[in-house]
Amino acid sequence: MSTHNDYTESLSTEAALERLSTKTLGRLVVRSGEDIELFPLNYTVHDGKIFFRTAEGTKLFNLAFHKDVLFEADDADLDESSAWSVIVKGEARILTSHSEVLAAEDLPLKPWTPSLKYNFVEITPREVSGRVFLLGEEPQRF
C-alpha cells in the first residue's frame, strides 16, 4: 500500500480485488442513453473478473448497447476504525455461450430475491483502484 496521507492508503490492484472478493454487495453504474443509472447488486469475483446475474430489464438492455461500466464496493469496520472502497472501470459482457453460462452457474452467485435471473454478466476490469481509510474524529477546525 502507498500512503496518500496519514489516514488514506492506496491499494494495489491485487489487494483491491482481494478486498472486493470478500463482499457480495456492490453497485454498478451503466450508461443509459445520455444519462447514467446506478444499480445495487450481488456479485462474485472469479479469476480477476466480476460476475453477476440479472433479469430482463433496464440494466441488461443498457449493457447490450454500452459495455463500459463502473463497479464499486466498500466496507467499514467501526470496531477497527477503518473502511475501504474499490472502484473498477471495465467492460461488461453478457455471457451467451452454453459453456460460459454453465461455468457461471457453478459460481457462488444466487439471487438475493425470489426472482428468476437467467442472464449472467462478466465485467473485465481495465482499471482497478482501491483505498483504505483510517476513521476517526474530525480535528479541531479553529
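Using unit Cβ charges (K, R positive; D, E negative) and no other charged atoms, how large, in debye to the nearest 20, is the dipole of the stretch 2-134 about its Cα centre? Write out the running numbers ahead of the final one.
Details: 14 positive and 22 negative charges, 99 e Å.
Charge dipole, the stretch 2-134, about its Cα centre: 480 debye, nearest 20.
The loop-placed GluC sites (Glu not before Pro) in the stretch 36-142, going by DSSP, that have at most 11 neighbouring Cβ atoms within 10 Å of their Cβ come out as 56, 80, 137.
Selection among 13, 119, 134 by position relative to the dipole of the chain gives 119 as farthest towards the positive end (Cβ unit charges, Cα centre).
Ordered by the count of other Cβ atoms within 10 Å of each Cβ, fewest first, 54, 24 give 24, 54.
Would you kindly state how much longer the chain becomes between residue 105 and residue 12 on full extension, computed as 0.36 nm times their sequence separation minus their alpha carbon distance, in nm to one decimal?
Details: separation 93, 0.36 × 93 = 33.48 nm, distance 2.96 nm.
Taking 0.36 nm per residue and subtracting the Cα distance, the gain is 30.5 nm.
Considering only 42, 71, 98, the residue lying farthest towards the positive end of the dipole of the stretch 1-117 is 98, judged by Cα position with unit charges set on Cβ.
If each DSSP helix of 4+ residues adds -39,500 (n - 2.57) and the sum is divided by the residues in the chain, what number results at 222 nm, nearest 500 deg cm²/dmol? It would help to have the intermediate numbers written out before the result.
Details: 3 runs with 24 residues, N = 142.
One gets -4500 deg cm²/dmol as the mean residue ellipticity at 222 nm.
By a straight-distance test (C-alpha under 21 Å), which lysines pair with residue 110 as possible cross-link partners, with residues fewer than eight away in the same chain excluded? List returned: 23, 49, 59.
Between the labelled values [x] 18.3, 69; [y] 16.9, 64; [z] 13.4, 38, the entry that holds Rg and Dmax of the Cα atoms in Å as derived from this structure is [y]. Highest mobility in the GNM of the chain, judged by mean-square fluctuation with C-alpha springs under 10 Å and restricted to 101, 128, 30, is found for 101. May I ask for the distance between the Cα centers of the stretch 31-83 and the stretch 90-121, given as a whole number of Å? For the stretch 31-83 versus the stretch 90-121, the Cα centre distance is 14 Å.
Coordinate-derived values only; no laboratory data. Note that the coordinates shown come from a computational prediction; the quantities given were computed from them, not determined experimentally. No Cβ is skipped: glycine too gets one built from the backbone with ideal geometry, and neighbour counts run over all protein chains shown.
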